[in-house]
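Working notes, structure below.
The values are calculated or read from the model by the stated rules, or taken from the named source; none is laboratory data. What you see is a predicted model; the values in this text were computed from it and never measured. As a convention, Cβ positions derive from the backbone with ideal geometry for all residues, glycine included, and neighbour counts pool all protein chains shown.
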Amino acid sequence: MAKKAAHHGGAWKVAYADFVTAMMALFMVLWISAQDPKIVIATSQYFKNPFLAAAADATSGVLPYNNKRSSPNNANSTGMGADKEKSSEQAMKMTLLNSVAADFYRLLHLDENLAEKPIEVEISADGLRVTVFDRSNKPLFVDDTAELTAWGSFVMQNLAWVIDHHRFRVVIDGHTRTKLNLTRENYTAWELSADRANAARRALVHYAVDEGQIERVVGYGDTQPIPGIAPDSQGNQRITLSLSLAAHSHQETKPVEHPAKSASAAPISVPPS
């Protein structure tokens, strides 16, 4: 008697199970994307930084949680609840800032660990400090002028998109090195640093940023060299932008896009040749 052929009818079940799992994952992504920005940030925080979940406590879950209900057991713990909520909001803010910094490096195709990177992003308690260097290998300005290079314009365009999208408040500082060879009469490091800071301001406003978001523009000349390097080093030629979050801005998205600036406001991920 011939042996019966082996039964191979179960493979479709595995494929179907994979398909159902993928569809469920797609549904969850679409559902989360449609939620309030605070819920989206909290979800991102959970998957990117699980160690923050404990600090954020129940208030940073995917679904809103009411921890303000009063009962005989928690009537005397209002202060503790407020502290937990504040800690949760701070954790969410730091997660957002870390994400923005990482996204900015990716937009510019930069290695965050590069020794002499052309841009340095530092995270503070209330925002970001972005330092854009003007070095000969990656000049931000044309020679000793306040005219942006193609690279400088590319950086400012991407910065403008980040600032506009997250509604940062902006302070711009211009710095130069010592021993500059400036040929214009009565034109010193003070004028150059101020002109460069204003050039950065004009570029940001041109590309996307509302003028009301810029709080201050200052030129420091060569009076504030970076500690640890020579005052005449190229590392002291820089523009520093202090970006601070407005109250509750980490929970909000930009409500309306500027129609006239919609094309120029989009981030450009490919640097100019």
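Can you tell me which residue is surrounded by the fewest Cβ atoms within 10 Å (Cβ to Cβ) among those in the stretch 108-123 that are at pLDDT 80 or above and under 23 Å from Arg196 (Cβ atoms)?
Top of the filtered list is Glu122.
Does Ala146 meet the test of being among the small types (Gly, Ala, Ser) and either on the phi > 0 side of the Ramachandran plot or in a loop (DSSP other than H, G, I, E, B) (or both)? For Ala146, the condition - among the small types (Gly, Ala, Ser) and either on the phi > 0 side of the Ramachandran plot or in a loop (DSSP other than H, G, I, E, B) (or both) - is met. Please verify whether Ser99 is within 17 Å of the chain's Cα centre (by Cα) and either modelled with pLDDT of 50 or more or within 24 Å of Ala197 (Cα to Cα) (or both), treating the condition exactly as stated. So Ser99 fits the description; yes. Only residues that are aromatic (Phe, Trp, Tyr) and over 21 Å from Leu108 (Cα atoms) were counted in the stretch 159-217, giving 2.
For residues in the stretch 124-139 being touching a strand residue (DSSP E or B) at 6+ places or on another chain (Cβ under 6 Å) and not hydroxyl-bearing (Ser, Thr, Tyr), which is modelled with the lowest pLDDT? Show your work before the answer.
First, pick out the residues of the stretch 124-139 that are touching a strand residue (DSSP E or B) at 6+ places or on another chain (Cβ under 6 Å): 126-134.
Still in the list and also not hydroxyl-bearing (Ser, Thr, Tyr): 126-130, 132-134.
Working: Asp126: 81, Gly127: 91, Leu128: 93, Arg129: 94, Val130: 95, Val132: 96, Phe133: 96, Asp134: 96.
Step by step, filter the stretch 124-139, then rank; the result is Asp126.
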